[in-house]
Amino acid sequence: MTAILHTAMADTPTVWTLQQCIDHALQHNITLNTGRLSVLSAQEDTRESQAALLPSLSLSTTHQLGYQPFMDNGSSADKASYSGDYGLNANWTVWDGKRRRYNITQSERIDRQAQLTVEENSNNIQEQIVQLFVQILYVNESVNVHQEILDISRQNVLRGTEMYRVGKLSKADLSQLEAQAATDEYNLVNAKGTLDEYKLQMKELLRLDYAADFDVAVPSASDRQALADIPPADRVMTAALAMRPEMQQAAIDIERGKTDIDIARTGKMPTIALQGGIGTNTMTGTGTSWGSQMPDNMRGSLGVILSAPLSDNRSTKTAVNKAKLALQQAQLKEEDARRSLQLTIQGFWINATTNQQRYKAAKASVVSAQDSYELLGEQFRLGLKNIVELTNAKTTLLNAQQSRLESKYTTLLYMQLLHFYENGNMESFN
């Protein structure tokens, strides 16, 4: 047992790629595993509906002991009696208006919908994982930015202290530099806490132990991926409408609605069944042996049962009308699912396109803010700029870096989702 535990721990990575997170979650998620059991249950229902086409066969036997204590026949043995009945019966519905075949079709569709539910839950989990994964990448890089800003603030404090010693900086300005460094350290601690919180959420989603070491693999080519071509919305939409499980579910609901109307109409159709049986019986006190009575008392029967409904108090008509209404509801549901999917994909495309343009502009803004801050820093050391101007320049640089990160990872997220809705697979980060 210990060896197995060590092996399992050794097989669990500490630095996870996006694909490793997805594969692990799809294997261990309770909702998915519960859904897979529901698929097996639906398959059993399908087998049962298929078996309903076959004849049924039953074996029955009845044994009775009797005793007549006041019989005056001079023998106590004759007062006790025993009898036995043995029967083999068969029933087979030959025609029921195709109701059983309709039921088989419906069971197969329910089976398929159970599988589609698993696929839909799988898609939801994958979307949650990629959102968390990208969020971790974003906050992880944000931590690095806050660390750089803190390092700059600490350098400014050191420079300010030296300037204060030589009389080039007031005590108030030095205190302001120290306060800014403390604020930047506070922001760094907050960013690290946020990163830990997202990692904890990912552990929960992956069903990992909370004490397990966990980190994500930081891609080296994320900048290039954020500038890649965005899939056209109409192309993604066409693929998603044909492939996404929620659309297939809605289409099957419509087909089930049509078949439910056919099933309801069978209420007015006759049913033809064959019924047959063979049996025998034995009894004591007849003077004939058990072996002789079994064949002598053998009897058989074969019959045809025709059942034709004449009046059912409108139950069939009501069932047909309600099935038609249910079909209309399924069609409306399919239309709503189609529109919802189209709006979702259009939203993904708009977010990806907008943030990619923002990212291009933010990259240039960071370069400009960096150059401006370095120039202001040099002028500050020469006494040409005051502490307020230096602080404002540093804030501008921080905001530009954060805007670059936010637009970059938002672009990556929505591009991932567009690829996922188009081909059913998440693009790997390089």
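The values are calculated or read from the model by the stated rules, or taken from the named source; none is laboratory data. Please read all numbers here as calculations on a predicted model, not as lab measurements. Because the Cβ atoms are built from the backbone with ideal geometry, glycine has one as well, and the counts that use them run over all protein chains shown. Note: areas computed on protein heavy atoms with side chains; ligands, DNA, RNA excluded. Shrake-Rupley method; radii C 1.70, N 1.55, O 1.52, S 1.80 Å.
Odds and ends about this structure:
- Proximal lysines to LYS98, defined as alpha-carbon separation beneath 17 angstrom and excluding residues fewer than eight positions away on the same chain: LYS258, LYS268
- Qualifying lysines (Cα of each under 20 Å from Cα of LYS385; at least 8 residues distant if same chain): LYS168, LYS171, LYS394
- The range 168-279 - Rg and Dmax from Cα coordinates, angstrom: 32.7, 119
- Phi angles across the range 270-276 convert, under the Karplus curve 6.51 cos²θ - 1.76 cosθ + 1.60 with θ = phi - 60°, into 3J(HN,Hα) values of x, 10, 10, 9, 9, 9, x Hz, Gly and Pro given as x.
- Amide H to amide H distances under 5 Å link TYR82 with GLY66, THR284, where only residues 5 or more positions off or on other chains count and H is placed in the peptide plane.
- Overall form of the range 238-314 per C-alpha gyration tensor (a/c, 1.5; a/b vs b/c): prolate
- Of the residues PRO309, LEU384, ASN399, the one whose Cα sits farthest toward the positive end of the charge dipole of the range 277-430, with +1 on the Cβ of Lys and Arg and -1 on the Cβ of Asp and Glu, is PRO309.
- Its convex hull of Cα atoms gives the chain a direction-averaged projected area, equal to a quarter of the hull surface, of 40.7 nm².
- Gap separating the Cα centres of the range 246-320 and the range 345-423, nearest whole Å: 75 Å
- Taken as Cα centroids, the range 15-35 and the range 323-341 sit 32 Å apart, rounded to the nearest whole angstrom.
- Surface listing: TRP95, TRP349, TRP16 arranged by accessible area from highest to lowest gives TRP95, TRP349, TRP16, probe 1.4 Å.
- Of interest is the spacing of the C-alpha centroids, which for the range 182-221 and the range 112-166 amounts to 8 Å.
- Check: the chain dipole with +1 on Lys, Arg Cβ and -1 on Asp, Glu Cβ, in debye: 1160 debye
- Potential lengthening of the chain between ALA228 and LEU302 amounts to 19.0 nm, from the contour at 0.36 nm per residue minus the alpha-carbon distance.
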